[in-house]
1. Any idea how far the Cα center of region 355-413 sits from the one of region 301-327, in Å?
2. Share of antiparallel DSSP beta bridges in the chain, in percent to the nearest 5?
3. Pull up all non-local amide H partners of V62: gap of 5 or more, or a different chain, and H-to-H distance under 5 Å with H placed in the peptide plane.
4. Hey, if you put +1 on the Cβ of every Lys and Arg and -1 on every Asp and Glu Cβ in the chain, which of Y181, N350, V211 ends up farthest toward the positive end of that dipole?
5. What number results when the radius of gyration of region 47-175, computed over Cα atoms, is divided by 2.2 N^0.38 Å?
6. Over region 325-472, calculate the relative contact order: mean separation of alpha carbon pairs under 8 Å at least 6 apart, over the residue count, as a percent.
7. Among the listed pairs K419/K494; K33/K407; K103/K217; K380/K407, which have their C-alpha atoms separated by more than 21 angstrom in this model?
8. Normalised by the number of residues in region 159-288, what is the relative contact order in percent for Cα pairs under 8 Å and 6+ residues apart?
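The values are calculated or read from the model by the stated rules, or taken from the named source; none is laboratory data. As the structure is a computational prediction, the values presented were derived from the model and not from experiment. Methodologically, a virtual Cβ is constructed for each residue, glycine included, from the backbone with ideal geometry; neighbour enumeration extends over all protein chains shown. Calculation scope for accessible area: heavy atoms of the full protein, side chains included, ligands and nucleic acids excluded. Shrake-Rupley method; radii C 1.70, N 1.55, O 1.52, S 1.80 Å.
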Amino acid sequence: RRKKLFGKEISHLKVTSQKNKKKNQCVGGSLMKIYNTMTRKKEEFIPLEEGKVKMYVCGPTVYNFIHLGNARPFTVFDTLRRYFEYRGYEVTYIQNFTDVDDKIIKRSHEEGISPEEVAEKYIKEYFIDCDGLGIKRATVHPQVTDNIENIIVFVQDLIDKGYAYEAGGDVLFRTRKFEEYGKLSHQNIEELELGARIDVDDKKEDPLDFVLWKAKKEGEPGWQSPWGEGRPGWHIECSVMSNRYLGNTIDIHAGGQDLQFPHHENEIAQSECRNGHTFARYWMHNGYINVDGEKMSKSLGNFFTVRDISEKYDLGLVRFFLLATQYRNPVNFSDTVLEQAKAGLERLTNARDNAEFILGNLDDSGLRDEEKDLAAGLDKYRDRFIEAMDDDLNTADAISVIFELAKFMNTNISDQSSKEFVQLNLDIFNELTGVLNIANKSVEEDDSLSQKVEDLIAKRAQAKKEKNFALADQIRDELAAMGIAIEDTRQGVKWKRI
């Protein structure tokens, strides 16, 4: 069964003292609650160190462009980081690159370049896509190949403590020796043994044991180790990089739902056995992406990269779409849904643009008497936004609050408003959208484009004044070809991208 998607077949803010008080309530006495996958319940977030947050988010294996499934955790946990910072925390945010892997080796053979060149190429492409999605750079983006020595030391420590063993150049972890194995996925050893896809390997003492170090095969990269030339297993990489940059125990470890088992389960086992400390205090996992009601997967032919999507849609819209659903819920992705999101985002940007246009045509003036009560009520939007975000990062409800604010602005701002009142509305609107990094000016709305549009609008106005309506219509058509819609209003000509 084939479908159509994207037109192709498929198989800076003004801060008041009151605002600072509200923001800083998190620091020293958090009101935020996070759903902890480990305990299966919402818990008040209390950081290890007051005023600081240590976060580790699993990054991509860099052998291809990131796909929509990658984009969701990257966007969601970027937003969590931004919110912590908004509330006054100092955040150390680590997101790795897996730059040695079977998939990278396979891609290197396909493209006729080295695995190192494959990784370097797709790390660059990752940043291009993430810049489009409005995702901030991590505090550190460690790469596996820069941490080989640390990995070898970590693995040797596990061997020395009896939790791992060497077998034919491989090193394997004794899963059953960690009595709490399965505590994240809430499965016991017997259930895992029955349900897991276990590789048949004569080297293993037990079918559930997993690899920490792989012996080198012909045509693969390798590094010298006490067990011979080889490379790290997947699970050990994140444990080592988290430990190196954040210490034995971190506040939050996050990633997609599909990483909960076995990746995160294995991270817990090897980290806690080696370090003797709780690995992470809060575990956060986002829900799956469905495409036209079916789980996105390569096997179903409904798999899309962010680069595919960017050919038709602005990635700022994709960010808005991803945040419009609370992160633990599944998201259904389709052209129809994205077009609906586009209409919603335009409502927000139009409210802002209208207020900015009116502001630019007002003389300096203080609040009028009839505006004072309205202005005093603006704080409720911030309060309700924070309430939503404090409830397990409920960006869906937070965006609903912003829509209510946009409606308030459209209703109460006019060319009769005072400059101070309009500015107060814009300040809080920009504050709240800034936390989510949505409804931003398009990158294309730069100074040169703005100037060109304004020049054409002025030329059209002159043509209409001279009753040269053919030229005026020609200029309107030229603007439309540039993706610019214009509207004649009482305040003058307004324009926006379409």
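1. If you average the Cα positions of each part, the centres end up 27 Å apart.
2. Numbers: 27 of 49 bridges.
DSSP beta bridges in the chain are roughly 55 percent antiparallel.
3. T98
4. Final value for the positive-end residue is N350.
5. Details: Rg = 17.6 Å, N = 129, 2.2 N^0.38 = 13.9 Å.
Relative to the 2.2 N^0.38 Å estimate, region 47-175 comes out at 1.26.
6. On the way: 104 pairs, mean separation 43.3, N = 148.
Once divided by the residue count of region 325-472, the mean separation gives 29 percent.
7. Values: K419/K494 19 Å; K33/K407 29 Å; K103/K217 14 Å; K380/K407 14 Å.
Those over the limit are K33/K407.
8. Details: 182 pairs, mean separation 31.0, N = 130.
Reported relative contact order: 24 percent.
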